[in-house]
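Here's the structure we're looking at; comments come further down.
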Amino acid sequence: MSTSSQVRTVRAGQTSFLLREHDTGPAGSTPVLLLHGVPETSSCWGDVAPELAAGRRVLAPDLPGLGGSAYAGPYDVASVVAQLAALIEAEVPGGRVDVVGHDWGGSLALGLAGGRADLVRRLVVVNAPYRSVPLLRAPHIPFFALPVVPELLFRVGGRRVVDAMFNLAWKAPRALDAERRAEYAAAYTVPAKVSAMLGLYRAAVRPRLAALVGRGSVPGIPRVRAEKALVLWGAADPVLPISVGEGVVRDLGADCVMVTVPGAGHFVVEEAPEVVTPVLLDFLADETTPPPVPAAPPEKPGEEFTPIEPPAGGPPVKKTPVKKAPVKKAPVKKAPVKKAPVKKAPVQSAPVKKAPVQSAPVKKAPVQSARKAPPHRPSADPG
């Protein structure tokens, strides 16, 4: 099945989106929206998107303000989610999408499923936090929220900063595609794009810092609502360990499932596409009614059986009873059984020693008789 791909610009909301689209013709399944993370672009889905586009449309935009998309802010989650919702409404009018998001794309996918649940059918979160973030493992998050300093770092370090981010969190033995690495480095060395990326971190961190010192409040996180939810996690992620993913599963509820990918780090989509792709295909597949079980084939061997389905709306089909031919059993001849002669071993009886019998002395009682009794002879008593 051939897949057509195109890259185009779509104006939706206040954003000019660079949109990569993959499809295989007339779509029969729910479209999929793929949201990338930092420091990537929608190119990160290059190994996965064509495989997902089997009977469905796959939409992979650059996030507002990043890559080839233009957006002036603000960059809080609710505002960026509004831009993504406008894109969905423009591309899938009146319909819903399945959303798959990695890193910052995962956080925005959660926001989309919470703030615009009417647009989301199924949700996949890939190595992205939800309600809690381990700042000790991810010190770059508060650092990127600082004023001025992060811009200076990217201005001085340039491509080396992007390389360092990948070198730290990439754990798979396969290397990042050289062409994509060059694209990412170029995308995150443009000052306007760097400011947009930092805007995401600042909008997320600064309200929390203000709340800690009593100068503000953190906006509530809307409850995520989706038909089904999956958490997909690179098990070797040094920034967001598995425990963070387990926390996301708990927050999403009992219907959420989790799949971990051993040996893959934070960038699991590109580190292990051969694992990620079938997991997504299985999770996003539409449930189908199992086909009816055909009737038993006829008894005659070699006769071909073709089940006949009744015409739709027609009269019921009467089934003719099947007469079974009597089965003749061939007589079974039993082979004579030859019994081997049994040799009896001679029995040797042990000699029996007879104990000597001692006879007790017999006392004669005086006999008083008028007549003279014959003499009495004592006999031996065997005891």
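The values are calculated or read from the model by the stated rules, or taken from the named source; none is laboratory data. What you see is a predicted model; the values in this text were computed from it and never measured. Cβ: placed from backbone, ideal geometry, glycine included. Neighbour counts: every protein chain shown.
Things worth noting here:
- Condition check for Lys171 on (1) within 33 Å of the chain's Cα centre (by Cα); (2) among the charged types (D, E, K, R); (3) in a helix (DSSP H, G or I); (4) within 20 Å of Gly265 (Cα to Cα): one failure, at (3).
- Of the criteria (1) under 23 Å from the mean Cα position of the chain (by Cα); (2) closer than 19 Å to Ala196 by Cα; (3) among the aromatic types (Phe, Trp, Tyr), which one Trp45 fails: (2)
- Verdict on Ala182 being without any contact (Cβ under 8 Å) to a residue 12 or more places away in the chain, under 19 Å from Thr41 (Cβ atoms), assigned to a loop (DSSP other than H, G, I, E, B) and over 24 Å from the mean Cα position of the chain (by Cα): no
- Leu112 surrounded by 19 or more Cβ atoms within 10 Å (Cβ to Cβ) and part of a helix (DSSP H, G or I): yes
- Against the test of being of a type in the set (A, V, I, L, M, F, W, C), crowded, with 23+ Cβ neighbours inside 10 Å and under 19 Å from Asp286 (Cβ atoms), the options Val126, Val99 yield a single qualifying residue, Val99.
- Tabulated pairs, segment 198-227, first among the acidic types (Asp, Glu), second at pLDDT 90 or above, C-beta under 6 angstrom, 6+ apart or interchain: Glu227/Arg121; Glu227/Arg122
- Among the candidates Ala164, Ala204, Ala192, the residue that is assigned to a helix (DSSP H, G or I) and modelled with pLDDT under 95 is uniquely Ala204.
- Restricting segment 47-71 to residues that are part of a loop (DSSP other than H, G, I, E, B) and charged (D, E, K, R), the residue that is surrounded by the most Cβ atoms within 10 Å (Cβ to Cβ): Asp62
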